[in-house]
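Below is one structure; the comments refer to it alone.
The values are calculated or read from the model by the stated rules, or taken from the named source; none is laboratory data. All of these numbers come straight from a predicted model, not from anything done at the bench. All Cβ positions, glycine included, derive from the backbone under ideal geometry; neighbour counts span all protein chains shown. Only protein heavy atoms, including side chains, enter the accessible area calculation; ligands, DNA and RNA are left aside. Shrake-Rupley method; radii C 1.70, N 1.55, O 1.52, S 1.80 Å.
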Amino acid sequence: MKIVHACLSNFYIDDLAYQENQLVDQHVRDGHNVLVVASTEIYDENGKISYTDTGDYIGSDGARVIRLPYRKIAPFWIRSKIRSYPGVRKILDDFKPDAILFHGTAGWELRTVAAYVRDNPGTIFYIDSHGDPSNTARGFVSREILHKIYYRSCLQKALPQARKVLCVSTEIMDYVQELYAVPADMVEFYPLGGHPLPDEAYEERRRLTREKMGLAPDAILVVQSGKQTRRKKLLESLKAFSAVPDSRLRFVVAGVIQEDIRVEAERLMASDPRTHFAGWQSPEQLTDLLCAADIYLQPGTQSATMQHALCCRCAVILQDWRSHTPYVKGNGWLIEDREHAIENALRSSCLDDKIKLMKNISYKIALEILDYKKISKRILI
């Protein structure tokens with residue numbers, strides 16, 4: 001099939017492991033003709049919004065990528081909110097896609113895609129959403145004007161042509177109904193996926209990485225990764241880890257640490273020789289690290305790495321949010337936002353040999369609901 005991934009409501013970053021990249025890669029692997037129509041928005045090495053060049057090129061996964069500038073209709077900061085781009089309709093007319101997935105619910109080009117689908121009624125059209133109260137429409141003006149008026153109107157124009165709004169968590173299913181007035185029968189749970197590693201590949205990655213790290217056979221490796229903001233609760237994690245003196249425990253922090261917590265985080269890591277800051281990891285490096293790990297720790301806001309950790313057979317310690325419940329079924333801990341919650345979960349992980357059982361359950365969950373080989377087919381029907 002000819003498939004368009006429209007990344008015009010959000011960023012698209014080459015060679016990373018976000019959902020957009022993974023679905024594009026899987027569709028190419030499955031033999032489809034894939035076109036990514038994207039903005040120039042990316043994140044830099046410090047986790048801050050940045051912009052790359054416009055262009056038309058073949059990505060490392062084999063998909064064609066067309067990056068478009070914002071339409072020059074206002075000052076740049078307004079353009080970045082309107083999210084209108086020149087030439088989108090012509091690109092669709094020339095490519096003639098069989099299926100379109102529009103990543104995100106915020107932007108003018110939803111109307112353009114909907115108009116194309118209306119004129120080409122055989123085209124499969126889905127919209128996805130990653131926006132929840134923790135990352136979307138957090139301020140009054142953003143929520144009440146930008147999202148509830150402008151973005152809602154764009155999405156409402158597109159809904160008659162779309163088959164579903166695919167939501168990456170159960171909380172987001174509720175949120176798009178409240179924020180954008182999407183009917184309940186138009187939303188569907190569509191989890192961020194991953195690539196569950198088969199036994200041989202997993203064991204090899206785990207062995208080599210743990211040897212490289214100098215980990216003893218009985219070491220219990222805990223990993224927290226991603227853009228570490230205050231809301232990711234890295235400082236709380238480091239304090240809780242230091243309060244559990246078990247010599248088998250090791251803690252690796254991967255990703256970037258925001259400036260407002262950097263000094264305190266570095267002080268806490270320096271005070272405990274069992275901790276290590278690994279910095280930003282490529283997708284392959286992160287996979288190796290998660291295979292070496294025993295527990296993936298995410299006590300704050302959500303991250304796509306959690307699903308990848310399940311695919312790499314990690315037990316999990318996650319914030320007790322409803323959106324996490326599909327992923328924790330005997331394979332870890334859902335912790336409440338209270339004192340000693342992280343510490344108690346870490347202590348529990350050291351009590352007996354249940355980590356191995358939890359890791360196996362994580363793998364089964366990954367095979368059942370997270371495998372990109374399965375979920376990539378959903379948007380083609």
What ³J(HN,Hα) values, in whole Hz, does the Karplus curve 6.51 cos²θ - 1.76 cosθ + 1.60 give for the stretch 148-159 when θ = phi - 60°, with x put for Gly and Pro?
6, 10, 6, 5, 4, 5, 5, 5, 4, 5, 8, 4
Of all GluC sites (Glu not before Pro) in the stretch 323-365, which ones are in loop regions per DSSP and have a Cβ with at most 12 other Cβ atoms within 10 Å?
E336, E339
What residues have an amide H closer than 5 Å to that of I335, excluding those fewer than 5 places away on the same chain, when H is modeled at 1.01 Å from N in the peptide plane?
L318, Q319, D320
Sorted by chain and number, the residues with a modelled amide H under 5 Å from that of D14, at a separation of 5 or more or across chains, are none
GNM, the chain, Cα, under 10 Å: largest mean-square fluctuation among Y202, Y57, Y150?
Y57
Hey, what do the phi angles of the stretch 282-297 turn into as Karplus ³J(HN,Hα) couplings, whole Hz, using 6.51/-1.76/1.60 and θ = phi - 60°, x for Gly and Pro?
5, x, 5, 5, 5, 4, 4, 5, 5, 5, 6, 6, 10, 9, 9, 10
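Grab the other residues whose beta carbon is less than 9 angstrom from that of D30, score K and R as +1, D and E as -1, and report the net. Can you show the working numbers first?
Numbers: positive: R29, K373, K377; negative: none.
After counting each charged neighbour, the total is +3.
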Net charge within 11 Å of V141 by Cβ-Cβ distance, Lys/Arg positive one each and Asp/Glu negative one each, not counting V141 itself?
+3
Just to check I understand the Karplus step: with θ = phi - 60° and J = 6.51 cos²θ - 1.76 cosθ + 1.60, what whole-Hz values come out for the stretch 129-134, glycine and proline as x?
9, 10, x, 10, x, 7
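Dipole size in debye (nearest 20) for the stretch 133-232 around its Cα centre, Lys and Arg Cβ +1, Asp and Glu Cβ -1?
Values: 16 positive and 12 negative charges, 126 e Å.
Using Cβ point charges on Lys, Arg, Asp and Glu, the stretch 133-232 gives about 600 debye.
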Using a Cα-Cα cut-off of under 19 Å, which aspartates and glutamates could be cross-linked to K72, ignoring same-chain neighbours fewer than 8 residues away?
E41, D53, E109
Residues whose built amide H sits under 5 Å from the amide H of Y43, excluding neighbours closer than 5 in sequence, are S50
Among (i) 58, 56, 37; (ii) 64, 45, 39; (iii) 69, 63, 36, the value of Cα extents along the principal axes in Å computed for this structure carries the label (ii)
Report the residue, chosen from Y43, Y85, Y175, that carries the largest GNM mean-square fluctuation when the chain is represented by alpha-carbon nodes joined by springs under 10 Å.
Y43
Cα gyration tensor shape of the stretch 36-194, rounded if a/c is under 1.5, else prolate or oblate by comparing a/b with b/c
rounded
Sparsely packed trypsin sites (Lys or Arg not before Pro) within the stretch 66-113, loop by DSSP, other Cβ within 10 Å at most 10
K72
Using the crude model of +1 on Lys and Arg Cβ and -1 on Asp and Glu Cβ, and no other charge, please compute the dipole size for the stretch 214-258 relative to its Cα centre, in debye to 20.
340
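Roll a 1.4 Å probe over the protein chains and send me the accessible area per residue for the chain in Å².
Numbers: 16720 Å² over 381 residues.
Per residue, the chain has 44 Å² of solvent-accessible surface.
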Debye, to nearest 20: dipole size of the chain, +1 on Lys, Arg Cβ, -1 on Asp, Glu Cβ
820
Entries in K329/K364; K2/K377; K48/K359 that, when Cα-Cα distance is taken, lie over 22 Å:
K48/K359
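Tell me what the chain gives for mean residue ellipticity at 222 nm when only DSSP H runs of n ≥ 4 count, each as -39,500 (n - 2.57), the sum divided by the residue total, rounded to 500 deg cm²/dmol. Walk me through the numbers on the way to the answer.
Values: 14 runs with 137 residues, N = 381.
Result for the chain: -10500 deg cm²/dmol, rounded to the nearest 500.
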Portion, in percent, of the accessible area of the chain that falls on carbon or sulfur, probe 1.4 Å:
54
To the nearest Å, what is the center-to-center distance of the stretch 269-319 and the stretch 56-100, using C-alpha atoms only?
34
Using DSSP to call loops (not H, G, I, E or B), can you name the trypsin sites (Lys or Arg not before Pro) in the stretch 264-352 whose Cβ has at most 14 other Cβ atoms within 10 angstrom?
K329, R338
